[in-house]
Amino acid sequence: MICVSIARTRHRMVIAEHKALAEQGAKLVELRVDWLSTTPDIPRMLKDRPTPVILTCRRVQDGGKWRGTEEERLRLLRTAIISGVEYVDLEDDIAKSVPRYGKTKRIVSHHDFAGTPEHVEEIWAEMAEMNPDIIKLVTLAKSPSDCVRVLNLVKNAKIPTVAFCMGEFGVWSRVVCGKLGSPFSYAAFSPDREVAPGQLSFPDMKGLYNFEELNAETELFGVIGDPIGHSLSPLLHNRMMRKIGFNGVYVPIRVASDQLTRGLNDLDSLGFRGLSVTIPHKEAVLALYPQSDEIAQQIGAANTLYRESDNEWHSSNTDFQAALDSVKLGLRPGETLEGKRVLLLGAGGAARAIGMGIVQAGGVLVVCSRTAARSKTLAAELNCRSVTWENRGAEFADILINCTPVGMFPKMDETPFLANWLRDGMIVFDTIYAPENTLLIKEAKAHGCTTVTGVEMFIRQAAAQFERFTRQPASLDELREALRRGISAAKE
C-alpha cells in the first residue's frame, strides 16, 4: 500500500487534496499537521475522510515544521486518538508517554537525517518494546549498503516494519521495501511536493513502480551508476514487465565508484536478478564479474549483469550490437558498412563499442575526440586513424556518428559538427536520446542527410538487456513509445 503525505498550510487545502487523492486511487494518506499555518483542527480534517489516515505532527529536529510547544503537540496527538484516527505516528522518545486508546493503531517512528547509524538494529529492538502496531525506521543513506542494512530490518522483522532510506542514495529502497514485506511506503502528492529527501511521487510509485502489486515473489532489477537520477531505464523496463505480465520491478540505484564492490555484494544479498550498468562502472564490473560474452571482453566494458541458469552473475555488452543495428538503419536495402568511411566523434565507452562494430563490419574508421590523447589511444586500439578535434570538419565521411554529450539536454543549442561541414547523402547518427532531435539531427535533416537518433540505440540495448533479465522478448515499438513519452515528460 502507498501512503501519500499531505503537507499543506491551510485546512481547506488539506481536505481538498485528500479528496483528490482518493479519487486517484489512494488508499492511505498521512496528514502532516505540523505544516499548517494555524492551530490544527483535528476533528475538521478527520470528518468525512475519504481514506484511512495517519496523523503526524513532526518537530523540527524530526524533519518537521512544528513551532508550538511539546505540550500542545502531545495534546494534538491525543485528540487525534480520541477522534478515532486510524493511525497515529509517535516518535520513539514520546511513544511510552502516549497510551494506547480505542482502535487507533500506533506507529512508533525514528528518523535520522544525518546518516544510518551502526546500531540501527538496536534502535529497532528498542522500538519493539514500545507497544507498536507498526515500527517506522527511516535514515539517510550515503551508500547502497546503508539501504540494504535498513531493508534487512523489514525482511527479518517479526513486527510489521516500514523501513527505508532518504536521500538520492535511498530512493530505490522506498520501492524495494514493498517486496520485502513493508506494510506501506510513503509518497508525495506530486514530483515537486516531496516532504522528505528522495521521496517519490504517488503517480510514480503507483504507475511506474507498480508498488501496490509488489510481493515476496517479485524479482528485483535495477540500473547502477553515478549520477543516476536522470535515467529513463526504469520507465522502459517497468513498462515492458507490466506489458508482458512479468512479476518484477526495476529501480535506479546510485553507486559511487568507491562503493561498487561492497554495494554489489550487498545488493546480491537482497536477491537482485539483473542490473544495467552505466557511467562510471562499465569497465569495473567486467573485472568483478569476468564471466562475460566475447564482445564485452573485446570492448573491455560491460553494461549488463544478469543471472544465468547456473544462478551465477554474468556480464554482457548490449551497446555493441544496438549501435551497429542503429547505424545500419541509415543504409539502403542491401547496402553494408563494407568500405564506408565513418567519422566517429568521441572516445569513451560508447565510442569504443561502436568503433569496434564499424571496424568488424569492414568500415573505414576515423576517430576524433575533444581530447587528442584519447583519440590516439582509441585509434590505436581499433587500428584506425585519428584526427584532431579542430580538423574534424575537413574529414570526408559517408557516415558521421556522435558519441559526445555535445547537444544533450540542457545545452540543446550546441552541436559537435557544424552544418556547413555536412554533405549530401551523409548518414548522421547521434547517440544522444534526450532530446531525440538534437541540433545536429535537425541540421542534418535540413541538409538532406539520412538521420538516425539515439532513441534507436537506447531501445535496442534495453531490449537486449530485458531479454537477458526476463528471458522474454521486448517490443521495440513499446520501448520506443515509452522512451519518447519519458523524454517529453522530462522536458515539462
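The values are calculated or read from the model by the stated rules, or taken from the named source; none is laboratory data. Just so we're clear, the structure is a prediction, and the values are computed from it rather than from any experiment. Cβ placement follows ideal geometry from the backbone for every residue including glycine, while neighbour counts extend to all protein chains displayed.
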Would you check if there is a residue in the range 306-321 being farther than 30 Å from residue 217 by Cβ and in contact with a Leu (Cβ under 8 Å, 6 or more places away or on another chain)? no
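Going by the conditions given, is residue 296 more than 25 Å from residue 217 (Cα to Cα), of a type in the set (A, V, I, L, M, F, W, C) and out of contact with any strand residue (DSSP E or B) (no Cβ under 9 Å at 6 or more places or on another chain)? Write out each step before concluding.
Working: more than 25 Å from residue 217 (Cα to Cα): yes; of a type in the set (A, V, I, L, M, F, W, C): yes; out of contact with any strand residue (DSSP E or B) (no Cβ under 9 Å at 6 or more places or on another chain): no.
No.
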The residue from 193, 174 that alone is crowded, with 22+ Cβ neighbours inside 10 Å and of a type in the set (Lys, Arg) is 174
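Just the residues that are buried (at least 16 other Cβ atoms within 10 Å of the Cβ) and of a type in the set (Ser, Thr, Tyr), please, taken from the range 34-50. Outline the logic, then answer.
In the first step, residues of the range 34-50 are kept if they are buried (at least 16 other Cβ atoms within 10 Å of the Cβ); the result is 34-36, 40, 42, 45-46, 49.
Those that are buried (at least 16 other Cβ atoms within 10 Å of the Cβ) and of a type in the set (Ser, Thr, Tyr): none in the range 34-50.
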Taking the range 214-268 only, how many residues are assigned to a strand (DSSP E or B), of a type outside the set (A, V, I, L, M), within 23 Å of residue 311 (Cβ to Cβ) and in contact with a Gly (Cβ under 7 Å, 6 or more places away or on another chain)? 3
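Which residues, counting only those in the range 198-213, are part of a loop (DSSP other than H, G, I, E, B) and not polar (S, T, N, Q)?
198, 200, 209 - these are the residues of the range 198-213 that are part of a loop (DSSP other than H, G, I, E, B) and not polar (S, T, N, Q).
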Determine which member of the set 128, 141, 114, 157 is among the aliphatic types (A, V, I, L, M) and closer than 16 Å to residue 251 by Cβ. 141
Pick from the range 234-278, criterion surrounded by fewer than 16 Cβ atoms within 10 Å (Cβ to Cβ) and among the acidic types (Asp, Glu), ranking: nearest to the chain's Cα centre (by Cα): 268
Given (1) more than 22 Å from the chain's Cα centre (by Cα); (2) closer than 25 Å to residue 264 by Cα; (3) surrounded by fewer than 18 Cβ atoms within 10 Å (Cβ to Cβ), residue 153 misses just (3)
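Does residue 386 count as modelled with pLDDT of 95 or more, over 22 Å from residue 463 (Cα atoms) and of a type in the set (Ser, Thr, Tyr)?
Numbers: modelled with pLDDT of 95 or more: yes; over 22 Å from residue 463 (Cα atoms): yes; of a type in the set (Ser, Thr, Tyr): yes.
In short, yes.
Given the structure, is residue 329 modelled with pLDDT of 95 or more and in contact with a Gly (Cβ under 8 Å, 6 or more places away or on another chain)? Lay out the reasoning, then the answer.
Numbers: modelled with pLDDT of 95 or more: yes; in contact with a Gly (Cβ under 8 Å, 6 or more places away or on another chain): no.
When the stated conditions are applied, residue 329 does not pass them.
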Of all residues in the range 156-197, how many are closer than 19 Å to residue 222 by Cβ, in a helix (DSSP H, G or I) and without any contact (Cβ under 8 Å) to a residue 60 or more places away in the chain? 5
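Can you go through 342, 366 and tell me which one is closer than 22 Å to residue 415 by Cβ, touching a strand residue (DSSP E or B) at 6+ places or on another chain (Cβ under 8 Å), surrounded by fewer than 23 Cβ atoms within 10 Å (Cβ to Cβ) and not charged (D, E, K, R)? I'd like the intermediate steps shown before the answer.
Details: 342 fails: surrounded by fewer than 23 Cβ atoms within 10 Å (Cβ to Cβ).
After applying the criteria, what remains is 366.
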Cβ contacts < 9 Å: first residue touching a residue at least 24 places away in the same chain (Cβ under 8 Å) and over 13 Å from residue 358 (Cα atoms), restricted to the range 324-346; second residue of a type in the set (Phe, Trp, Tyr) and part of a strand (DSSP E or B), any location; separation 6+ or different chain. Result? 329/429; 330/429
If a residue has to be touching a Gly at 6+ places or on another chain (Cβ under 9 Å) and either farther than 19 Å from residue 270 by Cα or of a type outside the set (Gly, Ala, Ser) (or both) to count, how many in the range 117-150 make the cut? 9
Filter the range 205-217 for residues that are surrounded by 21 or more Cβ atoms within 10 Å (Cβ to Cβ) and over 13 Å from the mean Cα position of the chain (by Cα); the one that is nearest to residue 170 (Cα to Cα) is 211
